[in-house]
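Below: one structure, written as structure tokens.
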Amino acid sequence: MQKHSCDRLGQWLDQRAGLLLSLPALLLLLAFVILPFTMAVYASFTNQSVRTFMQPGTLAYVGWDNYRELLGDGDFGQALFNTMYFVALVVPLQVGLALALAVLVNGAEMWRRMLRISFFMPVITSMAVLAVVWTLLFNPGAGVFNTLLRALQLSPQPFLSSPRQAMLCLAAMSVWQGVGFQMMIFLAAMQSIPPALYEAARIEGAGRWQCFRRITLPMLKNTTIFVVYITTVFAFKLFVQPHLITQGGPRGSTRTLILMLYDEAFTNMRYGKAAAISVMFFVLVLLVTFVQRRLMPREERL
Amino acid sequence: MNSRLRQIAACVLALLGGLVFLFPLLWMLRSSLLPHDQVLRALTAWRQLLPWPPRWENYAEVFRRVAFARTLLVSLGFTGVIVVVGMVINAACAYAFARLRLPGGDLLFAVVAALIIIPFEALALPLFIMLGVHGGLMNSLPGLFLPYLAKAFNIFLIRQYFLSLPAELEEAARVEGASWFRIFFQVALPLAKPVLAACAVLDFMLHWSEYLWPLIMTNRPDFETIQLGLGHFYTLPPIQWGGIMAYSVMATLPMMLVFAFFQRYLVLSMATAGLKQ
Amino acid sequence: MAGIRLQDVGKEFGAHRALCDVSFSIANREFFVVVGPSGCGKSTLLRLLAGLEQVSRGRIFIGERLVNDIPPGRRNVAMVFQNYALFPPLTVFENMAFGLRIRRLPRREADEMVLRTARVLELDPLLQKRPAQLSGGQRQRVALGRAMVRQPEVFLYDEPLSNLDARLRSDMRSELLRLHKRARTTAVYVTHDQVEAMTLGDRICVIRDGVVQQVASAMDVYHRPVNLFVATFLGAPPMNVLPGRLESAGEHCRLLLDGGRILPLTLAGAAQAWRHCLNRPVSLGVRPEVMQPASAENAPLLQGAVEVAEVTGGECYVHFREGDARLVARMSVAHKPELGEGVSFSFPASGAHLFDEHGRRVEAQLAFVK
Ligand SMILES: Nc1ncnc2c1ncn2[C@@H]1O[C@H](COP(=O)(O)OP(=O)(O)OP(=O)(O)O)[C@@H](O)[C@H]1O
Ligand SMILES: [Mg+2]
């Protein structure tokens, strides 16, 4: 009798396996992605702040005020500009370099494998660690870079303390840190190109450069679009480097969108305004995604 | 003979190139073995490049000055729960989408796939209000890992992988009388090992280095992740560069270990991340 | 022990019709073979029987039990898959014991059953190995073993031998037959290999585009195909088809072949079933093996120039063209003609099949008018 009811329960559960297996993830996504996203959109139209939490009566709907304030405010414009500047510096450099490195390390020889690992090392070092290390390297007095410049009889540079150079420094460091990741993606894509294609091309008399131009590059088209996309989105999220190295300075030259979001939310505690930045940031990412999807052939779209 | 020479030359060149590329990391290692006052001292001679004799004292000092072990535990707990528990949750959901009957499954999956593009940064503030302000989860492990357990991207990847596998094995188990739960755990999960490992390595890398969310969700120095701990130690007077570099080296080691063991899957994870088919 | 009965079974995948109005019964202990071209719905039929798919319509009985809503694990059937479907992390022994473990059989009893089956299949030395360490043939035997251990009422085979090389395949074929004779259970066997179908099946079911064409013994399917599709599907090389027109000519009939040749015929048969094709297009089917070189007593009926002559050991298939029709005849290698050489063949009227304009078999005894 007991065995029978146990059986029935088993069967009942089995018939609902699809629902039961997917439910934990779906509920978590609902609670921690969909719900907060809705909250962010909602909060961006209110004056929510630490004060409205203390005195709930003061919470009010403010319409587009937060957005208007942001767009009219030079700070936001500067943060947006800084972010775009960083993206414009990093994306072409990082993708181009990653492709070149991938070509360099594609192969089974010992030295190529050694290089592959060393290019990947910065990727598996956390950004916080690298931020600290590069601060040391950029140190204007005894930093390695200025020591080197002096040794070459060149004038030492202010690096991080100059508004003109600070963002360039962060970009250089970021490219160096992340290039191994994109290189690996290119490498994986290159290794999935059937060798028979190259053999056929060689029989047709194509040289190395021809093989690269006529086979590798076209075969990597979708991978490249994808790599450009993720590099762009990663670059938009720039936060740790300016937060730890420059604190947005000097003179706001490294203040980025996410840094501003963080400051508005956790220093000024103006949640409504910060939520508006969140929403605008999302729209930005959405636009980039949209462009990427238009470029990708339909069957490879996410 | 000639080609052998060429190979050796290539190796030496590559070694040099690699050293130049890795220079910042090597500098970190060197500085962690120097006495504090020498880290920022200008170089005057070549032999100053090597930290000789090495000063291990910096490492001991980190443990003396801050609760490094506890920080390490918090980081490991945070990353570990996401990688292990999250993986099972996501794989189960992916399996249901790939193979089982779900009411409204296609629509549901389209919604999940659409969630991939929402960047975490846009959710951080409301999540903080939910979990930190209302949920009272500041300075706690659940507060750190809850938002990351379910990941639309992983569900997407793992589902693709299940779809690419032939269903024969699972059907054989079905005919033998196994329940879907048993099939998922005993047949499907082991088959998905490559993609699970790939997701696990990527997630480990991502969350070990995670900075923003722990920064938001913790405000006590006795409960912080390694990355935050480094940020604090870096500004903790008196500033001692040797100790800071030692901290940095120790913060990096776990990732290096994971990399050493799972290198094979990492390349695969790159392939999956890149192809996303 | 159980038979199987299908009543008006239909199955659709979205808009695609995989099976349509399938009805037949399989007797207890019968070895029932399902053949058909790729994509015709053979596997779908088998998966419906296993319960891996749900019917869109109709009813399936195993024994006397309606199984439409019974999950696979409770139907008491076992299935052998094309790619063996062995669980890679489990040893051969545990693979075979899988179903018993799920049924929570006492360990001792389960082990005993596995060992007994392993002995029958001569798998004893492999029991501790893993599937990856086995050859294709060995894997196939383990898959068979896993199906047999539970002593199910029905065995379902989905092209189980198609991954083996030719030699191993014929060995396994006879082995399967031996095991089936021994176990005396019902078996449904899907294949697209006609040799397997002819040698294994007590009865054969031919499917085309989801529609059952004929269910009959191997002899009947081969010698009395119900339509042109079945006639040309079974047999290699396939039956020759000569399109033409049947005309009445006083006492008897004339068959006007499209090439212009005229065959005078008499038709006889119960109820004169052939009447409806008089003065209408018909097809004459002649298997390559009933064709004989024309001689003094066998007047030439078909002739043409040799296009290809394939030698397969002791025999030779001569391809030639008569009018627009490409024809094949079997002859002994000793008489192999040269390329381009003119050949002429005759065939006994009793070995020819008549099909009406819709391709349906016309039941009639044919004879040539001397
Ligand atoms: N799960 C499914 N979803 C959609 N269509 C399907 C599905 N399974 C089978 N089909 C379609 O049903 C038809 C019959 O498929 P089935 O697998 O039964 O063919 P088959 O006779 O076994 O062919 P083969 O000899 O190639 O194995 C095919 O056209 C196939 O495309
Ligand atoms: Mg099939």
Selection count, the stretch C:331-358, where residues are surrounded by fewer than 17 Cβ atoms within 10 Å (Cβ to Cβ) and closer than 25 Å to C:Pro225 by Cβ: 5
Enumeration of residues in the stretch B:95-128 that are within 7 Å of another protein chain (Cβ to nearest Cβ) and among the β-branched types (Val, Ile, Thr): B:Val112, B:Ile116, B:Ile117, B:Ile118
Members of the stretch B:178-227 that are more than 10 Å from chain A (Cβ to nearest Cβ) and basic (Lys, Arg): B:Lys193, B:Arg220
Among (1) part of a helix (DSSP H, G or I); (2) at pLDDT 90 or above; (3) surrounded by 23 or more Cβ atoms within 10 Å (Cβ to Cβ) - the single one B:Glu210 does not satisfy: (1)
Some residue of the stretch B:76-89 being out of contact with any Asp or Glu (no Cβ under 9 Å at 6 or more places or on another chain) and over 28 Å from A:Leu20 (Cβ atoms): yes
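Go through the stretch C:203-233 and give me each residue that's part of a strand (DSSP E or B) and among the polar types (S, T, N, Q).
C:Gln213, C:Gln214, C:Ser217, C:Asn227
Here's the yes/no breakdown for (1) more than 14 Å from ligand 1 (Cβ to nearest atom); (2) closer than 15 Å to C:Phe81 by Cα; (3) open to solvent by 10 Å² or more (accessible area, probe 1.4 Å):
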site: C:Phe24; (1), (2), (3): yes, no, yes
site: C:Arg29; (1), (2), (3): yes, no, yes
site: C:Val35; (1), (2), (3): no, no, no
site: C:Leu52; (1), (2), (3): no, yes, yes
site: C:Phe61; (1), (2), (3): yes, no, yes
Qualifying residue in the stretch C:173-189 (condition: at pLDDT 85 or above, part of a strand (DSSP E or B), away from chain B (no Cβ under 14 Å) and within 16 Å of ligand 2 (Cβ to nearest atom)): yes
In the stretch C:92-102, the residues that are surrounded by fewer than 18 Cβ atoms within 10 Å (Cβ to Cβ) and either among the β-branched types (Val, Ile, Thr) or touching a residue at least 12 places away in the same chain (Cβ under 8 Å) (or both): C:Ile102
Subset of the stretch C:1-22 (residues that are loosely packed, with under 14 Cβ neighbours inside 10 Å, at negative phi and small (Gly, Ala, Ser)): C:Ala15
Residue satisfying all of: in the stretch A:125-155; among the β-branched types (Val, Ile, Thr) and within 7 Å of chain B (Cβ to nearest Cβ); farthest from the chain's Cα centre (by Cα) among these: A:Thr147
Top-ranked residue of the stretch C:94-136 - restricted to ones that are over 32 Å from the mean Cα position of the chain (by Cα) and assigned to a loop (DSSP other than H, G, I, E, B), ranked as farthest from B:Leu189 (Cα to Cα): C:Pro106
Of all residues in the stretch A:218-231 being outside any loop (DSSP other than H, G, I, E, B) and open to solvent by less than 20 Å² (accessible area, probe 1.4 Å), the one that is farthest from A:Phe76 (Cα to Cα): A:Thr223
Residue within the stretch B:35-47 that is within 13 Å of chain A (Cβ to nearest Cβ), under 24 Å from B:Leu206 (Cα atoms) and touching a helix residue (DSSP H, G or I) at 6+ places or on another chain (Cβ under 7 Å) present: no
Close pairs (8 angstrom Cβ cut-off, 6 or more residues apart or separate chains): within 16 Å of A:Met114 (Cα to Cα) in the stretch B:1-13, open to solvent by less than 80 Å² (accessible area, probe 1.4 Å) anywhere: B:Gln7/A:Glu109; B:Gln7/A:Trp111; B:Ala10/A:Glu109; B:Ala10/A:Trp111; B:Cys11/A:Trp111; B:Cys11/A:Met114; B:Leu13/A:Trp111
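Among the listed residues B:Met138, B:Met130, which satisfies the condition of being more than 30 Å from C:Arg75 (Cα to Cα), outside any helix (DSSP H, G or I) and hydrophobic (A, V, I, L, M, F, W, C)?
Unique residue meeting the criteria: B:Met138.
Would the stretch C:112-121 turn up any residue that is of a type in the set (Asp, Glu), in the same structural domain as C:Leu49 (by TED's automatic domain parsing) and within 16 Å of ligand 2 (Cβ to nearest atom)?
If we filter the stretch C:112-121 for residues that are of a type in the set (Asp, Glu), which is where we start, we get C:112.
After this cut, where a residue has to be in the same structural domain as C:Leu49 (by TED's automatic domain parsing) as well, the list is C:112.
Remaining after also requiring within 16 Å of ligand 2 (Cβ to nearest atom): none.
For the stretch C:112-121, residues of a type in the set (Asp, Glu), in the same structural domain as C:Leu49 (by TED's automatic domain parsing) and within 16 Å of ligand 2 (Cβ to nearest atom): absent.
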Qualifying residue in the stretch C:83-93 (condition: part of a loop (DSSP other than H, G, I, E, B), more than 25 Å from C:Glu159 (Cβ to Cβ) and hydroxyl-bearing (Ser, Thr, Tyr)): yes
Check on C:Tyr189, touching a residue at least 40 places away in the same chain (Cβ under 8 Å) and either under 28 Å from C:Ser23 (Cα atoms) or in the same structural domain as C:Phe31 (by TED's automatic domain parsing) (or both): yes
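Condition first: open to solvent by less than 10 Å² (accessible area, probe 1.4 Å) and over 32 Å from the mean Cα position of the chain (by Cα). Now tell me which residues in the stretch B:158-169 satisfy that. Let's see the steps before the verdict.
Pass one, the stretch B:158-169, residues open to solvent by less than 10 Å² (accessible area, probe 1.4 Å): B:158, B:162.
Selection gives nothing.
Conditions (1) open to solvent by 30 Å² or more (accessible area, probe 1.4 Å); (2) over 30 Å from B:Ala94 (Cα atoms); (3) within 14 Å of another protein chain (Cβ to nearest Cβ), marked per residue:
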site	(1), (2), (3)
A:Trp12	yes, no, yes
A:Gly63	no, yes, no
A:Gly77	yes, yes, no
A:Gly96	yes, yes, no
A:Trp111	yes, yes, yes
Residue that is facing chain B (nearest Cβ under 10 Å), open to solvent by 60 Å² or more (accessible area, probe 1.4 Å) and more than 16 Å from ligand 1 (Cβ to nearest atom), where the choices are C:Pro106, C:Pro71, C:Pro88: C:Pro88
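Every residue in the stretch C:174-208 that is away from ligand 1 (no atom under 15 Å from the Cβ) and touching a Gly at 6+ places or on another chain (Cβ under 8 Å), please. Quick ask: steps written out before the conclusion?
As a first pass, look at the stretch C:174-208 and keep what is away from ligand 1 (no atom under 15 Å from the Cβ): C:174-187, C:195, C:198-203.
Hit for the stretch C:174-208 is C:Thr186, nothing else.
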Residue tally, condition outside any strand (DSSP E or B), in contact with a Leu (Cβ under 9 Å, 6 or more places away or on another chain) and within 16 Å of ligand 2 (Cβ to nearest atom), over the stretch C:155-172: 2
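Counting just the residues of the stretch A:232-255 that are aromatic (Phe, Trp, Tyr) and touching a residue at least 40 places away in the same chain (Cβ under 8 Å), which one comes out surrounded by the most Cβ atoms within 10 Å (Cβ to Cβ)? Show your work before the answer.
Just the residues of the stretch A:232-255 that are aromatic (Phe, Trp, Tyr), to begin with: A:234, A:236, A:239.
Narrowing further to those that are touching a residue at least 40 places away in the same chain (Cβ under 8 Å): A:234, A:236.
Values: A:Phe234: 18, A:Phe236: 21.
My answer is A:Phe236.
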Counted residues, the stretch C:155-171 - those being crowded, with 19+ Cβ neighbours inside 10 Å, under 16 Å from C:Arg139 (Cβ atoms) and away from ligand 1 (no atom under 16 Å from the Cβ): 0
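The values are calculated or read from the model by the stated rules, or taken from the named source; none is laboratory data. From a predicted model like this one, the values you see are computed outputs, not experimental measurements. Using ideal geometry, Cβ is built from the backbone for each residue, glycine included, and neighbour counts are taken over all protein chains shown. Ligands, DNA and RNA are stripped out before the accessible areas are found, and what is left, the full protein with its side chains, is counted by its heavy atoms. Shrake-Rupley method; radii C 1.70, N 1.55, O 1.52, S 1.80 Å.
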